[in-house]
Amino acid sequence: MSAFDIYVRNNVVYPILPAVFLLIILYFGKGYLMKLRKRAFAYFMNKMTDQYNKEADSIKRKLFNPMNDVVSRDWKLRNEGLIRILELGIGTGANLKYFPKGCRLIAVDWNSEMKPVFLENCKKYPHVNTENFIVAPAEDMSAIEDDSIDVVVCTLLLCSADNVKRILQEIKRVLVQGGKFVFLEHVHAEPTTILSKVQSFLTVTKIWPILCLGCELNRHTGDLIEKAGFSEVSFERINIGSGRIGVISFIRSHIGGFAVK
């Protein structure tokens, strides 16, 4: 073997070929890797639901109970004493237990891996009738008609949305006049707290967004809702969780309330 061949082998073939193969694997396998991330996140969310609902149970009951008094604008549903609910980012169905008996539900979630887990969990809550599960980002609800929804529900979604302003406009579009947007979202903690600094660090360094599919801990979601053009907005800052170290401790600071179209 000539000196040139040895040079090429040692300085071109050996160092570059593995890198080329790695790039090829990453390029053609990125879809599969994303699917694995989505599936892992769906599994994680399903496991976390029970713990989170234990911590947030009284808050969720207070937040969702007024839906029992909503009167549908759809005359068929109104005659049956029912309402139509749209939940964005429904995930594995963490809120199903809090919905009114017999309600009609349209579920939206961008993560297709949530659907089988959600459908399995639906069996525990036969009082909810799921009309459709739409796999789509909340920014694009084109499959849902204007002025067709009595209540839109959104919990722990806007923290990871690409375009919160767009979602809020879509919510206004699909709601009937006078319809309610009910939300419970984790937000940036009070600026003087240690938690606030930890949230900022984990978000700015991308550690949390990478682990949690884009979730950001330092958003001021309440400000965006107030500026979205609803006729009425009412919410309060709430702490959820005992403060013990764990996943929920990082999202302890919440806002919960409603907005009216």
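We did not get these values from a lab; they are worked out from the coordinates using the rules stated. In this text, all values refer to a predicted model and were calculated from it rather than measured experimentally.
Structural remarks
- Additional length obtainable on full extension of the chain from SER142 to GLN177, 0.36 nm per residue less Cα span: 10.8 nm
- Across LYS123/LYS172; LYS54/LYS172; LYS101/LYS123, pairs whose alpha-carbon gap is larger than 22 Å: LYS123/LYS172; LYS54/LYS172
- Calculated over segment 149-261: convex hull of Cα atoms, volume per residue (Å³): 98
- Sequence-distant residues sharing a close amide H with ILE238 (under 5 Å, placed H): HIS254, ILE255, GLY256
- Within the same chain, aspartates and glutamates fewer than 8 places from LYS261 are excluded, and of the rest, those with a Cα less than 18 Å from its Cα are ASP69, ASP74, GLU87, GLU139, GLU145, ASP146, ASP147, ASP150, GLU170, ASP223, GLU226, GLU232.
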